[in-house]
Amino acid sequence: MIAVALALVLASADPCGLPEAALPDAGAAAAYVEVAEAEEAAGARETAALAYREALRRDPTNPAALRGLAETCGPRVARRDAPSALLEAAQLVRGGEDRRAAPLLAEALLEPETADAARLLLSVIARRAGEDRRARELLERAAAGPDRRVGATAANMLRSTRRAGRVALAAYAGTSWDSNAMRAPEPNELDTGDAAATSAAGVVVRPLGDSGPFASGGAEYRRQRRLSALDLAGWWGGGGLRVAGARGAAVAEYRYSALHMGGTPHLAAHAGRVESRVVVRRRFALELSSGLEHTRYFQEYARSFSGATFGGEARVAWSGPAAWAALGYRGARFRADDEVPLSWIEHGPAIEAGLAPARALRVWVEASLLDRVNDEVDPLVAVRREETALEASLVADLAIAAGVSARAEVGGRMNDANVAGLTTRKLLASLGLVWEASWP
Amino acid sequence: VIGLVAKSLVWFAISAAAPGSAGTDTHLLAGARHFRDGRFDAALVEFRVAAKVGASGPARWYEGAALVKLGRHEEAIESFAGAAADHPASRDGLLDYYRAVALYELRLYLSADELLTGVEGGVGPRVAAQIRELRERIGRAATDEPERTTLAWYEERARVARAAGRSALADAYAREALALAARRRAPQGGAPARAELTPGTLPAEARRAR
């Protein structure tokens, strides 16, 4: 008991030991760094380490404090086990104890074999603290480092930080081919395939950063090579609230969207959704989402499909250093505004799996299998419609410059129905460029 | 004594809070707590941060006390001199005691004794006892008539401190040399010390001797 008490006293007196968390205060942290540097210059290394530590309590990724603590505590740390420090820091970061992890990561920065992984974790801390620019700098260094696995993870995270600023922009331009653009039923002996050129852009504004209210909007234009009646022009806009913490995030959003097809108004939709993601154990997260959308079709042939869809999905997601996977189950209920027989319910599993085989390359597959059953017999076909839809796609994303990647996708959709005219097949392929940037 | 100092510091931190920012108060109080608990390096850091974020006057006095406890007496002299110049109103008997300890540890006996003259009555009984003990030690250390080599030692220290940019410390050594020179019956010397002294800061003993 006495030994434990003594150990605690000694630990608390250790200027290179773990600090307790303090409220974030970048201004005070800068003052501590100034004091630390003066103490270091005066030869008072222990006092300097103590001041650097205090700076890190208030600003866990302060570069000067990290460097200073690493240098002042360096010789002692070098005799310790840097991988152990990294491991302990990783546990603390996972548990949201960022300020306690920072000094350990400063230690891990000293050793070349752990430095890049330490930068990776420090970037997580920086991002949580709203220091997106700092997070990006750390990730850029980690991505360029010698550790291939860490580099691939850092490159992935770098992509996500490019969307994480207070103002984030994304744009896409590409071409696609659809083997059955008109959704002609099987057996399809018509020439219903067509190519198209697509461009899209979106913006998200988060005045308070990662957590807080946001507004978003975007537009898309698709021009068919032959079937101009299928040309699409659409826009959307909305806003919501996102709350993010160390162990997860939750989003509530409203969005209005409108679409023109073939140059005439096609649909308008009001949609609301809520989503949450909670890290339940190490690399595993539980994701729940739910949404309600009302769609109104303007063209006569589609007007009876106007109605409200309520849906949701539960997913278990796993993410590793250079791979990720998710398994979910989704369901939806559509209630037509006018034609009760067209109301339906559908449900089924969905999967996603991906890996980053190289620093600049990510490849993933997405697939879902949904069974849909209508509420009542459809008088037009004299049966209660039942359909099974299998959708799958394979996507490859290759980063070719900062914020720019080339994206290729191949996929298909099989829709089997108990009504011959509703059984369809199609193959899809696309190739395009994605640009993403965010400020600050 | 440490407890009394901490109490005094906390009281001062609170009483001086009005014009300062909340951040300043936080650092002063944190420094006082560390000082009370004997963590003088942590106290020093907090006082220095407090000085940077707004409480330069009072914080520098406490900085000096923390430096004394850390045995960094030369830096303490600099801090106390800066505090006395910038924030004379924050001076009190207890802080003078710490300043005197720094002077004593640097063998600036006459300066320490001059500082402590009259302080005893303005402090509590425990600190007064400490002051008495210190003055007794000063009395034993300060010989009646210093040797010429002793003067030369102080003059050399003053020169070195001046060269290092520590003007307050240089002044302290030069003042001590001049005060010692005033005690000599033989040719007094002290000219080198006078040259090292910042104009207008001649010590009382040297003034009397003139």
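The values are calculated or read from the model by the stated rules, or taken from the named source; none is laboratory data. As the structure is a computational prediction, the values presented were derived from the model and not from experiment. Don't worry about glycine lacking a Cβ; one is built from the backbone with ideal geometry, like all the others, and counts go over all protein chains shown.
General remarks:
- Listed here are the helices (runs of 4 or more DSSP H) enclosed by the range A:60-140 that have at least 1 residues being polar (S, T, N, Q): A:63-78, A:82-94, A:112-128.
- Enumeration of residues in the range A:274-322 that are assigned to a strand (DSSP E or B) and in contact with a helix residue (DSSP H, G or I) (Cβ under 6 Å, 6 or more places away or on another chain): A:TYR297
- Restricting the range A:181-193 to residues that are farther than 26 Å from A:ALA170 by Cβ and either surrounded by 15 or more Cβ atoms within 10 Å (Cβ to Cβ) or within 37 Å of the chain's Cα centre (by Cα) (or both), the residue that is modelled with the lowest pLDDT is A:ASN188.
- A count restricted to the range A:403-440 and to residues that are of a type outside the set (Phe, Trp, Tyr), under 18 Å from A:ALA173 (Cα atoms) and assigned to a strand (DSSP E or B) stands at 16.
- Residue count for the range B:109-136, restricted to those that are in a helix (DSSP H, G or I) and in contact (Cβ under 8 Å) with a residue 60 or more places away in the chain: 7
- For the range A:25-44, a residue qualifies if it is more than 7 Å from chain B (Cβ to nearest Cβ) and part of a helix (DSSP H, G or I), and the qualifying residues are A:ALA26, A:GLY27, A:ALA29, A:ALA30, A:VAL33, A:ALA36, A:GLU37, A:ALA38, A:GLU39, A:GLU40, A:ALA41.
- Single unsatisfied condition, B:THR26 versus (1) modelled with pLDDT under 90; (2) buried (at least 24 other Cβ atoms within 10 Å of the Cβ); (3) within 10 Å of another protein chain (Cβ to nearest Cβ): (2)
- Being without any contact (Cβ under 8 Å) to a residue 24 or more places away in the chain, surrounded by fewer than 16 Cβ atoms within 10 Å (Cβ to Cβ) and within 30 Å of A:ARG127 (Cβ to Cβ) holds for only one residue in A:ALA252, A:ALA215, and it is A:ALA252.
For every residue, the table says whether it meets (1) at pLDDT 75 or above; (2) away from chain B (no Cβ under 13 Å).
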| position | (1), (2) |
| --- | --- |
| A:ALA13 | no, no |
| A:LEU23 | no, no |
| A:ALA102 | yes, yes |
| A:LEU110 | no, yes |
| A:THR114 | yes, yes |
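- Given (1) modelled with pLDDT of 55 or more; (2) at the interface with chain B (Cβ under 10 Å from one of its Cβ atoms), number of the condition A:ARG57 does not satisfy: (2)
- Filtering the range A:153-170 for residues that are surrounded by fewer than 18 Cβ atoms within 10 Å (Cβ to Cβ), in contact (Cβ under 8 Å) with a residue 24 or more places away in the chain and of a type in the set (A, V, I, L, M) leaves a non-empty set.
- Residues of the range B:41-67 that turn out to be under 11 Å from the mean Cα position of the chain (by Cα) and more than 14 Å from chain A (Cβ to nearest Cβ), as a count: 3
- In the range A:326-358, residue nearest to A:ARG296 (Cα to Cα) [restricted to those that are modelled with pLDDT of 95 or more and among the small types (Gly, Ala, Ser)]: A:ALA332
- Of all residues in the range B:136-161 being crowded, with 18+ Cβ neighbours inside 10 Å and at pLDDT 85 or above, the one that is farthest from B:TRP61 (Cα to Cα): B:GLU155
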